[in-house]
Amino acid sequence: FSNISSVINKGDAASMRFFELTDRVNEFIRFHHLPTALKGRLRAYTEMQFSLHRGIDAGGVVTSFPTHLQDDIYYHLHERLLRQVPMFNAVEDVGFIRSLSRRLKPQVLLAGDFAFQRQEVGDRMFFIQKGHVQICNDDQSVTYATLGRGGYFGELAMLTATRRIAGARALDNCI
């Protein structure tokens, strides 16, 4: 993670946030006596998430502003992503897109992680900003699709309130 090393070397506020965050994660790991494999995953998630936002809690910052400004910020951050999806691209009701943009929650997946498994209830859809996701059967012996930046998945089960008919696994680190 070259991004992390460059941030740490700068000796700025971001490096302080990184050290504070890793200290909290390490304390959590020690307190709960987590197994080695889980420790590694927590540290990898911490580094990836930090490299994306330099440790700034966007949600915390945004919620400190009045609601109308929050709407403007979320719309600015997410409108292009939403408009890449055909069912949202043609929507003329900007209020609807603003409402959706407010509900998006970034999720980090490390390589090998599942966004969801087959038979889970579909209560959300996913947009890919970075990385690749494989839509596959239970044992990953059949790949139905491989999606990358700008792709989306999970909308069918979400819209029909049904169970997932396939799993979605990150092929590399994803947002």
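The values are calculated or read from the model by the stated rules, or taken from the named source; none is laboratory data. As the structure is a computational prediction, the values presented were derived from the model and not from experiment. Cβ sites come from the backbone with ideal geometry, for glycine too, and all protein chains shown count toward neighbours. Each accessible area value is taken on the protein alone, full model and side chains, heavy atoms only, with ligands, DNA and RNA left out. Shrake-Rupley method; radii C 1.70, N 1.55, O 1.52, S 1.80 Å.
General remarks:
- Taking the criterion of being farther than 21 Å from E155 by Cβ and surrounded by fewer than 15 Cβ atoms within 10 Å (Cβ to Cβ), the only residue of the stretch 73-96 that qualifies is H76.
- Filter result for the condition that a residue is under 25 Å from L52 (Cβ atoms), touching a residue at least 40 places away in the same chain (Cβ under 8 Å) and among the β-branched types (V, I, T), over I175, I165: I175
- Across the stretch 90-123, the qualifying residues are those that are of a type in the set (G, A, S) and in contact (Cβ under 8 Å) with a residue 40 or more places away in the chain, and the one among them that is nearest to V61 (Cα to Cα) is A115.
Matching residues to (1) over 20 Å from the mean Cα position of the chain (by Cα); (2) at pLDDT 95 or above; (3) of a type in the set (A, V, I, L, M):
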{"residue": "L21", "(1), (2), (3)": "no, no, yes"}
{"residue": "H53", "(1), (2), (3)": "no, no, no"}
{"residue": "P66", "(1), (2), (3)": "yes, yes, no"}
{"residue": "H78", "(1), (2), (3)": "no, no, no"}
{"residue": "R102", "(1), (2), (3)": "no, no, no"}
{"residue": "F114", "(1), (2), (3)": "no, yes, no"}
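- Scan of the stretch 163-175 for residues that are touching a helix residue (DSSP H, G or I) at 6+ places or on another chain (Cβ under 8 Å) and of a type outside the set (D, E, K, R), ordered by number: I165, N173, I175
- The number of residues in the stretch 36-84 that are in contact (Cβ under 8 Å) with a residue 12 or more places away in the chain, part of a loop (DSSP other than H, G, I, E, B) and more than 18 Å from I175 (Cβ to Cβ) comes to 0.
- D57 being open to solvent by less than 50 Å² (accessible area, probe 1.4 Å) and charged (D, E, K, R): no
- Residue among R149, R124, R169 that alone is basic (K, R) and open to solvent by less than 80 Å² (accessible area, probe 1.4 Å): R169
- Selection status of M87, in contact (Cβ under 8 Å) with a residue 40 or more places away in the chain, farther than 23 Å from N173 by Cα and over 18 Å from the mean Cα position of the chain (by Cα): yes
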